[in-house]
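The values are calculated or read from the model by the stated rules, or taken from the named source; none is laboratory data. Note that the structure is predicted; figures quoted are calculated from it, not measured. Cβ placement follows ideal geometry from the backbone for every residue including glycine, while neighbour counts extend to all protein chains displayed. Ligands, DNA and RNA are excluded from the accessible area calculation, which covers all protein heavy atoms including side chains. Shrake-Rupley method; radii C 1.70, N 1.55, O 1.52, S 1.80 Å.
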Amino acid sequence: QVQLVESGGGLVQAGGSLILSCAASGSIFSITAMGWYRQAPGKQRELVATITSREGTKHAASVKGRFTISSDNAKNTGYLQMNSLKPEETAVYYCAAASLGNYHWGQGTQVTVSS
């Protein structure tokens with residue numbers, strides 16, 4: 001089993017920045033990919049960015065150039081650097097990890113962008 005705990009969410013003004021963290025524990029040796037998703041009120045959960053050892057990083061077109069996904073394997077932690085945030089990006093942001101055919105989710109962290 002893999003456990004994920006997100007942190008770093010909060011309230012920020014439009015144009016501001018936040019760094020989200022995702023601390024992994026448990027069977028971390030089995031993780032093959034990590035990703036960040038977000039879900040705004042009344043909307044479906046959407047993929048923001050992924051990182052794998054084989055394919056590197058990928059970012060959704062809507063955040064490319066503003067968000068950066070990264071990981072620190074020594075700390076078993078993934079990150080999402082978010083710059084130039086927009087009010088429409090207000091959402092709960094979730095960390096996810098793929099491991100042994102399963103997908104594990106964190107509890108989510110709220111990001112609110114005020115206009």
Report summary line: Around residue 23 (Cβ within 14 Å, Cβ-to-Cβ, excluding residue 23; K/R +1, D/E -1) the net charge comes to -1
Report summary line: The Cα radius of gyration of segment 50-115, divided by 2.2 N^0.38 Å with N its residue count, comes to 1.21
**Report entry** Inter-centroid distance (Cα atoms) of segment 12-53 relative to segment 69-88, Å
**Finding:** 7
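Which net charge results when you count Lys and Arg as +1 and Asp and Glu as -1 among the other residues whose beta-carbon is under 11 Å from that of residue 37?
Cβ neighbours under 11 Å give a net charge of 0.
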Query - Average accessible area per residue (Å²) across the chain - probe 1.4 Å, nucleic acids and ligands excluded - result: 54
Query - Net dipole in debye of the chain [+1 Lys, Arg Cβ; -1 Asp, Glu Cβ; about Cα centre; nearest 20] - result: 160
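First select every other residue whose beta carbon is under 12 angstrom from the beta carbon of residue 48; then total the charges, Lys and Arg +1, Asp and Glu -1.
So the environment of residue 48 carries a net charge of +3.
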Report summary line: Cα convex hull volume per residue for the chain, in Å³, equals 96
Query raised in the report: So which lysines pass the test for residue 86, namely a Cα distance under 28 Å, with those fewer than 8 places away in the same chain ruled out?
Result: 43, 58, 64
Query raised in the report: Which percent of the accessible area of segment 35-83 is formed by carbon and sulfur heavy atoms (probe 1.4 angstrom)?
Result: 46
